[in-house]
Amino acid sequence: MIQLVWFFVILALILLIWGISTYNRGITVRQNIRECRANIDVQLKRRHDLIPQLVAVVRGYAQHEQELFESIAEARAKAMVEIESARHQYASEGPLVRELKRMIALAEAYPQLKANDQFLALQKELANTEDRIAAARRFFNANVRSWNTLRASFPSSMIVSGEEEDYFEVDGVLSAPSIDLSR
């Protein structure tokens, strides 16, 4: 009889320890998601701060492309408002990335611009920022996957509660410009 009591006490302790560790793991993953969001926001802000400088340099060479510059400014303004109003909504980044791709493609038509040191430095800084955004996005999505798995899996779903998180997906990604050394 005493052995049976000890068995249930030990079983209860094991379940209690498991419940506490599962709950704490859920808290840790949620905090990681918050940290990842903050890191993404920092990198997006960095991108948004680089854009006016890049536009100013390109504008000096391609003054007749006013429509492109206006659409970039509009997309940047919308993206900045989205980040400030709802930190987890990154849908407005896609149009901004598309407009930046158009501007970088425009730069290909101006050999003087492609050779401009300031433009090259800004373009390199933008490429570095895009790499940082991609890394932060991968880390964020890994934590979202962990959270969604933890909250949906049995038996941890009995301990961990909360809403499913959405992945950070962008419908366009800036890539580093290709360099043609054959000329």
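Of note:
- The chain, accessible surface, carbon-and-sulfur percent (1.4 angstrom probe): 58
- Rounded tilt (10° steps) of 117-152 against the dominant C-alpha axis of the chain: 20
- Full-extension gain in nm, R34 to M158, via 0.36 nm per residue minus C-alpha separation: 42.4 nm
- About its Cα centre, the dipole of segment 1-110 is roughly 440 debye, where the only charges are +1 on Lys and Arg Cβ and -1 on Asp and Glu Cβ.
- FRET efficiency for H64 and L120, using Cβ-Cβ distance with R0 set to 22 Å, rounded to 0.05: 0.50
- Nearest 10 degrees, 0 to 90: helix 66-85 Cα axis against the chain principal axis: 20
- Rounded tilt (10° steps) of 2-61 against the dominant C-alpha axis of the chain: 10
- Think of a 1.4 Å ball rolled over the protein heavy atoms: segment 26-121 then has 52 Å² of accessible area per residue.
- Distance between the pseudo-spin-label points of V9 and R145 (7 Å out from Cα toward the beta carbon): 4.4 nm.
- Every Cα-Cα pair in the chain was counted, and those over 19 Å apart are 66% of them.
- Over all distinct Cα-Cα pairs of segment 95-149, the Kirkwood formula returns a hydrodynamic radius of 13.3 Å.
- Calculated [222 nm] ellipticity per residue, helices only, for the chain: -26500 deg cm²/dmol; basis is -39500 (n - 2.57) per DSSP H run with n ≥ 4, divided by all residues, nearest 500.
- Each Lys or Arg adds one and each Asp or Glu takes one away; over the other residues whose Cβ falls under 15 Å from the Cβ of E70, this sums to +1.
- FRET efficiency for Q53 and A109, using Cβ-Cβ distance with R0 set to 25 Å, rounded to 0.05: 0.80
The values are calculated or read from the model by the stated rules, or taken from the named source; none is laboratory data. Remember, predicted model here, so these are calculated numbers, not experimental data. In this analysis, Cβ positions are derived from the backbone assuming ideal geometry, glycine residues included, and neighbour counts consider all displayed protein chains. Only protein heavy atoms, including side chains, enter the accessible area calculation; ligands, DNA and RNA are left aside. Shrake-Rupley method; radii C 1.70, N 1.55, O 1.52, S 1.80 Å.
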